[in-house]
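The values are calculated or read from the model by the stated rules, or taken from the named source; none is laboratory data. Quick caveat: nothing in here was measured; it's all calculated off a predicted structure. Quick reminder, even Gly has a Cβ in these numbers, built from the backbone with ideal geometry, and neighbours come from all protein chains shown. These area figures cover heavy atoms from the full protein model, side chains too; ligands, DNA and RNA do not enter into them. Shrake-Rupley method; radii C 1.70, N 1.55, O 1.52, S 1.80 Å.
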Amino acid sequence: MKPFFFPFAAAATLVCAGMAHAADLTVQVGGLKDANGKVMVAVFDRADSFLKQPVRVAAADAQQGAVQVVVAGLPPGDYAVSVFKDENGNGRLDRNVVGMPVEPYGFSNDAAGSYGPPRFQDALVHLLDAGGTATVNLR
């Protein structure tokens, strides 16, 4: 019985240690005009990959008014969040012929760019060990 206990205890310790360094980011999304479609959330951890390669994605059914999306298990650190409402279910942010979004979108800190998306630094959210919240109002 003793040889079985040690590997189990070691595995349990590693799992608990991994959980100690993971936090949940709660994204509160407002400005939803109706309950059609899904709210798509992308989390980025570096300026050079912002809006190109998210470290985590999550989705929730849209609700009129606001919805909350939890992105679980992120290491504490700095992140930027991008959100859009996928109204037609194609899984991407639709744009018009000049490249402007035609579906509602937004960024953490309600960051806005001039003639394009905001900078990573403008949308920065600091996630602590205990977790954190980012607020995004769709436009």
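Structure values in brief
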quantity	calculated
Total charge dipole magnitude, the chain, about the Cα centre, Cβ charges on Lys, Arg, Asp, Glu only, Debye to nearest 20	220 debye
Per residue solvent-accessible surface (Å²) - the chain, probe of 1.4 Å	61 Å²
Percent accessible area from carbon and sulfur atoms, region 32-105, protein chains only, probe 1.4 Å	51 percent
Tail weight of P(r) past 22 Å, computed on alpha-carbon pairs of the chain, percent	43 percent
Lysine pair count for the chain [Cα-Cα under 29 Å; pairs on different chains or 8 or more apart]	5
Residue 87 - accessible surface, heavy atoms, 1.4 Å probe, Å² rounded to 10	90 Å²
Rounded tilt (10° steps) of 2-20 against the dominant C-alpha axis of the chain	30 degrees
P(r) of region 33-87 over all Cα-Cα pairs, binned every 5 Å from zero, in whole percent	5, 19, 28, 20, 15, 10, 3
Coil-residue chymotrypsin sites (Phe, Trp or Tyr not before Pro) of region 36-139, DSSP, other Cβ within 10 Å capped at 10	115
Computed helical MRE - 222 nm, the chain, DSSP H runs ≥ 4 contributing -39500 (n - 2.57), nearest 500	-4500 deg cm²/dmol
